Each structure stands twice: as C-alpha cells, then as structure tokens.
Amino acid sequence: MNFSPRVFSGIQPSGDLHLGNYLGAIRRFVPLQHTHETIYCVVDMHAITVWQEPDALRRATREVAAAFIAAGIDPKKSIIFNQSQVVQHAELAWIFNCVARIGWMNRMTQFKDKAGKNSEAVSLGLLAYPSLMAADILLYKATEVPVGDDQKQHLELTRDIAAKFNNDYAKSIAETGAANVDGEFFPITEPLIAGPATRIMSLRDGTKKMSKSDPSDQSRISLLDDADVISKKIKKATTDPAELPSDVEGLAGRPEADNLVGIYAALSDKTKAEVIAEYGGAGWGKFKPALAELAVSVLAPMNNEMRRLLDDPATIDAILRDGGERAGAIAEATMKDVRNIVGFIR
Ligand code: AQP
C-alpha cells in the first residue's frame, strides 16, 4: 500500500442536523485535519434520493457547511464543498453502477429500512446510493472515512467496489501505469468507527437510531435547538425507572440508560466507565440535569456560531465554491486515469 493518507467524509443536507450526526461524525472530523489531508463534503446529490424542496435543500446545504465550520473545521486546512459542484462524483458513480451488482445493493439494510414495503415506488437513486458513496470516497482515493456505525455496511460495499474495479481492470491499470506497488488503482478504504457514540439512539426509544427523518422532533437534539429546548428534551427523554448501575456491564439490556451515558461520555471526552464511576447509583433526577448542562455547554456556542454564519449565506457559498475548485482538481486527476483504464476515448 502506498496511497498517501487522506480522509473523506460526507453529511447529507436532508433535514435538521442532530446530535448523532455531530457526535458520530462531525466532532470526529475536527482533530483529523491536524494529522491528515481532509475533505468534508455536503452530499446534496445523496439528499435528493428522497424528495427535497429546492429551497429547503439550499438552506440545509448551508446549514451543514455552517455546522462543519462552527464545530472547528477550518476551510483553509480542510476542503469543504458540496458534492454537486464536482461533476466527477456522478461520472464515477455511473462507472461504479456498472461494476457493482444489483444483489449487493438489494442487501443494504439502509435501503430496506428506507424503502420499507414500498421498494418498487422509491427512487432508483435510493437503491444506487452506495455506489455514489463509493464514488465520493474513491474519487479522492481516501484511505480513511470517519462515520457512525450505521454506515459500516456501505463502507464494506465501497471496499468491495474498489477491489472489483482493481481486479476487473487489472491489465488496463498496469498498462496505463496508474497502479500502486501492489497493482491497485483504488485503495481499500478503512472505516474509522470508534468512541462511545458510534450510534446515538432516539431520545424517545433507545432501540431506534437518532435520525433526521424521525417524525418526532422530541426524538433528537437538533444542532440549531437553543439551550432551553436542549434541556427540556433531555429531561423528558424516555428512561427506565432504575438508577444508574455501579458498573458499565450494568448498562446491558438498558438501551435508554446506555444511550444517555454514551452521550455524556462523548460530550465530555470520557469513556462510559469513567461516567459510571462518577454517576453510578445516581437517579435520573441527578443525572439528567447534569447531562443537560453539559450538552448546553458544548452545543450552545456551536449553535450561536452556526446562526452567525447562516446570517451571511454569500460567505458560506464562497467557501463551498473554493472547496469545490480544490476538490475538483483532485477529482479530475483521478477521472483522467479512470477514463483511460475503462477505455473511454477523449
Ligand atoms: N444516530 C447516529 N449516531 C451516530 N452517528 C450518526 N450518523 C447519523 N446518525 C447517527 C452519522 O452521521 C453522518 C452523516 O449521516 P447522513 O446525514 O449522511 O446520513 P444518515 O446516517 O442517514 O443520517 P440520518 O440523520 O439518520 O438521516 P436520515 O434520517 O435522513 O436517514 C454519518 O457518518 C452517519 O454515520
């Protein structure tokens, strides 16, 4: 392997960003910019796999960009852009549609969850979503992708697509001289899924993922919620009646308690064991106010900064455009080789 370390990750502008997106993804993007080349994308082309009102899509795209910056991602250090500005994403996704197999797509649990019983009526894009995601990552030959646990299966598919492309086109890759020392053109990307908050659960039901598309606003903490709303949502969160256990093992079989302790741990950069060492035996009357105070102390400054940035959409758009140009240069270099490898004449 001789691919230079590069991180890519994306967030869909498909609704209100929530605490799960922040703890599972955005917060973890920030330190990586000090150790890696980092590319963070607002994946607007993914968002339209389900219907988006055009004005709402524009607003949500700027919101995700504002959240990146407010969380501490420096647009000079990292590349921040929206996917549709770099047309090569769609171009590579088409090639990957021809590399990937329909059976692979049909096995994706996110497709099954989102399509439900209605799989004949959802968009073709929703089925092909993981192929576009593979293109997002491999266009930049990203070696690592920080994501929440729900994206693990899609990352495995990205690895399968990269391996099949490397294998199907091995002869052409060798002839065009674009291979690494192992004869690979695309890296076999590693997912970065770690920490106490890889899957934040709904505040109403500890067995369901916190999600933008949950119809209950009470199920999630939105990154644009103010301090009062954050506090109320945490205090009203569904829990069992028992006090917190005296060790981490005691959280097993208690999804709501496990979730709230995980949120506390992630927000305070501690392990669940450290949180339990402090709060073991405490009742909800003590733990929930402590969690609410912590959540507000972390999220309120970010919320203020997001609002400030959103007051100036022209500046956000300029940052996205600049990021799009920098990303586009890398993407075009990859696509020049890909077109050649596949046999397209230019
Ligand atoms: N509940 C979660 N806990 C931890 N990480 C999460 N992520 C999403 N939900 C949680 C991570 O956030 C990143 C961006 O996700 P996305 O917006 O691209 O897509 P998603 O996973 O489909 O997000 P949502 O919020 O659940 O949206 P809907 O409701 O539209 O499906 C990813 O890294 C994801 O792992």
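Every read-out reported here was derived from the displayed coordinates using simple, explicitly stated rules and does not represent laboratory data. Just so it is clear, the structure is predicted and the values come from calculations on it, not from any experiment. Cβ atoms come from the backbone with ideal geometry, glycine included; neighbour counts cover every protein chain shown.
Inter-part distance, the range 270-346 to the range 125-164, computed on C-alpha centroids, equals 18 Å. Selection among I230, A242, M306 by position relative to the dipole of the range 218-346 gives M306 as farthest towards the positive end (Cβ unit charges, Cα centre). The Rg/Rh ratio for the range 1-130 is 0.98, where Rg is the radius of gyration of the alpha carbons and Rh is the Kirkwood radius.
In the range 217-308, the ratio of gyration radius to Kirkwood radius, Rg to Rh, stands at 0.98 when only Cα atoms are counted. Taking a straight Cα-Cα cut-off under 16 Å and skipping sequence neighbours fewer than 8 places away in the same chain, the aspartates and glutamates within cross-link reach of K141 are E37, E91, E156, D160, D182, E184, E190, E332, D337. Between the amide H of E37 and those of V7, distances stay under 5 Å, these residues lying 5 or more places away or on another chain, with hydrogens modeled in the peptide plane. Computed over the alpha carbons of the range 45-112, Rg followed by Dmax gives 15.4, 41 Å. Taking each of K233/K286; K114/K270; K76/K152; K164/K209; K114/K286; K117/K288 in turn, the alpha-carbon distance tops 27 angstrom for K114/K270; K76/K152; K164/K209; K114/K286; K117/K288.
Restricting things to alpha carbons, find the Rg to Rh ratio for the range 87-205 using the Kirkwood radius for Rh.
Working: Rg = 15.9 Å, Rh = 15.6 Å.
So for the range 87-205, dividing Rg by the Kirkwood Rh gives 1.02.
Annotation: the chain has a Kirkwood hydrodynamic radius of 21.2 angstrom, from the mean reciprocal C-alpha pair distance.
Trypsin sites (Lys or Arg not before Pro), restricted to the range 240-335: which are DSSP loop and have at most 10 other Cβ atoms within 10 Å?
Values: sites: K270, K272, K286, R307, R308, R321, R326; in loops: K270.
Hits after loop and neighbour filter: nothing returned.
Can you find, among Q88, G195, G280, the residue sitting farthest towards the positive end of the charge dipole of the chain, where Lys and Arg contribute +1 and Asp and Glu -1 at Cβ? Of Q88, G195, G280, it is Q88. In this rough spin-label picture, where each label sits 7 Å from Cα along the Cβ direction, the R321-L294 distance is 4.3 nm. Each Cα pair under 8 Å and six or more residues apart adds its separation to the average, and for the range 217-308 the resulting relative contact order is 39 percent.
Summarising the amide proton neighbourhood of L192: residues at separation of 5 or more, or on other chains, whose placed amide H is nearer than 5 Å comprise V145, V147.
If I build a Gaussian network model for the chain, linking alpha-carbon pairs within less than 10 angstrom, which residue out of S216, S202, S84 has the largest mean-square fluctuation? Checking each option, the largest mean-square fluctuation is seen for S216.
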